[in-house]
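What follows is a single structure, written as structure tokens, with notes after it.
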Amino acid sequence: MESESPTETKKGKSKTPKKAKESILKQKSPAEFFAENKNIAGFDNPGKCLYTTVRELVENALDSAEAISELPVIEITIEEIVKSKFNSMIGLVDRERVDEALYDDYETAKAREKRLAKEARAQEIQAKNAALGKKIKEHAVSKSSKGRGEASFYRVTCRDNGRGMPHDDIPNMFGRVLSGTKYGLKQTRGKFGLGAKMALIWSKMSTGLPIEISSSMRGQNYLSFCRLDIDIHRNIPHIHLHDKRDNKDKWHGAEIQVVIEGNWSTYRSKILHYMRQMAVITPYAQFLFKFVSDAPDKNVTIKFARRTDVMPPVPVETKHHPSSVDILLIKRLIAETSKQNLMQFLQHEFVNIGKPLAERLIGEMGPEFSPKMAVKSLTDQQIVRIHQLFRQAKFDDPSGDCLSPAGEYNLRLGIIKELHPDMVATYSGSAQVFEGHPFIVEAGVSVGGKDVKQGLNIFRFANRIPLLFEQGGDVVTRTALKRISWNNYKINQTQDKIGVFVSIVSTKIPFKGTGKEYIGDDISEIASAVKSAIQQCCIQLKSKIVKKMQAREQQERKRNLSKYIPDATNAIYDVLKEMALSHASKKKRYEEGDADILRKVSDHLITKETLYEKLTQHVEKVDYEMALEYATQTGVREEPREDIYLQSLDGKGNFFDFHSPIFVFRLFL
């Protein structure tokens, strides 16, 4: 029994498995979801957060100004805030480190000794190479790892001259995620409808500071000021201050200021590239960008001037096309419609369904459907039947009237303004359709220019906003690299400086990836339209390049002929002189016409200078005749062209605009 006791004791100590806790059903607010998945909205890391914040504020400002047909004037300022200044802002006292080994950037004595020895060896090798005359490679300066707590903070301020916001709506417009005015079916710049809300969420996560909004609408004698943050868990605004102030300057628009963690050094080029591309696609806007730092050498100020006052029309909301809806959307439309019966519902809620077509559709649905039946009484099975018919029936394509492309004029002007190319061609296609959604593709191709690298430089735009990330998988990149035979258009893909600009606008941009940073290559209608648009630009450029090559050949031919005029003059004069001597000595007789020329040579009426002048005139005449023949063949008139200089517009006047794809003619009254 004693021998068994240990076994029994061991068994006695064994524990029965704990009963698993019952799972509790929890809910997350939209704000909480995006805070936990901020990368979806483009807030992947501090540098990308700074870039996305700038982008969201600029695009909101453009929308606001365009909504009231006001030429946008946008000022964006990024102010660097050092740690000590940030701590004073939040009332935190700086403390010196007590336990150095506790910190992430702590370096032990052994590690420091090893690093210094490595740097000394590298310097020694560099000195030897320099003595031998070898090319010296720049030694990468070892950076001490920046502690996770040593973040950089920035105050981002965006000011515009848009329509402003109603005083009472400001808290919900910034402090409630997935609430806004851009959720209808129309062309919009936004990707998620988050706007500055995500910047506020990031501010709350990284600095804990609220956002500040100043706003005033046209005709208001007061200015609304609001300081707020967001209750992440309840998705409601937390208002610190909301009042009305005097608007002495009668300013209208909005100024938004937010303090966030970021990284300017790693995303500086992306932010400046974004601003430059935005200036290309919106040449009617004026941008002033500033980066302000305590170190003066880091400061940046760039003004992107306005070059036109011709703005694209404001996109209009449209109805859904029957072939683009799903069952869930049909149910939502039924719940929201004000129409009573099925006939009215089909005609009112969908595009391209008139009364005759609605009657035919209802007849095809089956005997249980009738034009007068209450639309709210439709069963789930009947809704599925409607959806199936919508997918199978043939409908007219939606028109592109609801879309607002930049326009060839603006695209061309933007390219010329920012890149200063040697030549540029633009093309705007007609409206096309994919999956029931209308879209328009515009393209521009430039050759040469300022600050343009050799090879293909691709600029992508979706609903008039630049796309800077994930370029490799984009339909524009793939088309430009693989589907365009550049050599056929006299363009050298590797040697020439080529700018490829493609802008796609639609009521639904088929973005790929969680960040919605590129348009996939899997939609044949869009891929075909992009290829066609680029090819049309290349055809225009080929004509210009061929003309330029012919003009260069003509100049070269004239140069060669002119080069030999002195030698030809001497040779001809020597021959004529010998002939004149022979004629004078009667050794050889010449006909009357030739004899007359020889007498003039003997009498020095024809000299070397005379021959030189005549040959030069002949070269000029031949050159002019060939140029005239070429101009006649290509449809160019003989009259010389003159530069036209237009004065800047001062004040407002009465005028009519006559629009062409590539220019606007303005007639003042």
Quick check on Leu576: is it part of a helix (DSSP H, G or I), open to solvent by less than 40 Å² (accessible area, probe 1.4 Å), of a type outside the set (Asp, Glu) and at pLDDT below 90?
yes
Checked region 415-426 for anything under 17 Å from the mean Cα position of the chain (by Cα) and more than 12 Å from Val500 (Cβ to Cβ); matches are Ile416, Lys417, Glu418
Given (1) among the small types (Gly, Ala, Ser); (2) out of contact with any strand residue (DSSP E or B) (no Cβ under 8 Å at 6 or more places or on another chain); (3) modelled with pLDDT of 90 or more, index of the condition Ala374 fails
(2)
Taking the stated definitions as given, is Ser214 at pLDDT below 90, more than 24 Å from the chain's Cα centre (by Cα) and not basic (Lys, Arg)?
no
When region 224-250 is examined, which residues are found to be open to solvent by 20 Å² or more (accessible area, probe 1.4 Å) and either of a type in the set (S, T, N, Q) or touching a residue at least 60 places away in the same chain (Cβ under 8 Å) (or both)?
Asp231, Ile232, His233, Arg234, Ile236, Pro237, His238, Ile239, His242, Lys244
What number of residues in region 352-371 are farther than 19 Å from Gln382 by Cα and in contact with a strand residue (DSSP E or B) (Cβ under 7 Å, 6 or more places away or on another chain)?
0
Within region 397-407, identify whether any single residue is surrounded by fewer than 18 Cβ atoms within 10 Å (Cβ to Cβ), over 25 Å from Asp63 (Cβ atoms) and not β-branched (Val, Ile, Thr), and answer yes or no.
yes
In region 101-126, anything within 26 Å of Lys85 (Cα to Cα) and surrounded by 10 or more Cβ atoms within 10 Å (Cβ to Cβ) is listed as Tyr103, Asp104, Asp105, Tyr106
Is it true that some residue in region 328-349 is closer than 30 Å to His273 by Cβ and assigned to a loop (DSSP other than H, G, I, E, B)?
no
For region 520-540, state whether one or more residues are under 28 Å from Pro312 (Cα atoms) and in a strand (DSSP E or B).
no
Give the residue, chosen from Lys28, Lys48, that is in contact (Cβ under 8 Å) with a residue 60 or more places away in the chain and more than 29 Å from Glu317 (Cα to Cα).
Lys48
Looking only at residues in region 399-442 that are part of a strand (DSSP E or B) and closer than 17 Å to Ile545 by Cβ, which one is modelled with the lowest pLDDT?
Met423
Regarding Ile170, is this residue modelled with pLDDT of 65 or more, assigned to a helix (DSSP H, G or I), under 29 Å from Lys290 (Cβ atoms) and out of contact with any Gly (no Cβ under 9 Å at 6 or more places or on another chain)?
yes
Segments classed as strands (runs of 3 or more DSSP E), wholly inside region 206-309, with at least 3 members that are polar (S, T, N, Q):
211-216
Among Leu71, Leu57, which is the only one that is among the hydrophobic types (A, V, I, L, M, F, W, C), open to solvent by less than 10 Å² (accessible area, probe 1.4 Å) and touching a strand residue (DSSP E or B) at 6+ places or on another chain (Cβ under 8 Å)?
Leu57
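A quick yes/no check of all residues on (1) surrounded by fewer than 20 Cβ atoms within 10 Å (Cβ to Cβ); (2) over 35 Å from the mean Cα position of the chain (by Cα); (3) closer than 30 Å to Phe665 by Cβ:
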position	(1), (2), (3)
Val280	no, no, yes
Pro283	no, no, yes
Thr301	yes, no, no
Ala305	yes, no, yes
Thr337	yes, yes, no
Leu346	no, yes, no
Glu349	no, no, no
Glu368	yes, yes, no
Taking region 481-512 on its own, how many of its residues are part of a loop (DSSP other than H, G, I, E, B), open to solvent by 50 Å² or more (accessible area, probe 1.4 Å) and under 22 Å from Gln187 (Cβ atoms)?
1
For residues in region 351-365 being touching a Ser or Thr at 6+ places or on another chain (Cβ under 9 Å) and touching a residue at least 24 places away in the same chain (Cβ under 8 Å), which is least open to solvent (accessible area, probe 1.4 Å)?
Val351
So, of the residues in region 513-549 that are acidic (Asp, Glu) and either without any contact (Cβ under 8 Å) to a residue 24 or more places away in the chain or within 30 Å of Lys38 (Cβ to Cβ) (or both), which turns out to be most open to solvent (accessible area, probe 1.4 Å)?
Asp522
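The values are calculated or read from the model by the stated rules, or taken from the named source; none is laboratory data. Being a predicted model, the structure only gives us computed values, none of them experimental. So basically every Cβ, Gly included, is an ideal-geometry build from the backbone, and we count neighbours across all protein chains shown. When the accessible area is computed, the model is the full protein with side chains, heavy atoms only, and any ligands, DNA or RNA have been set aside. Shrake-Rupley method; radii C 1.70, N 1.55, O 1.52, S 1.80 Å.
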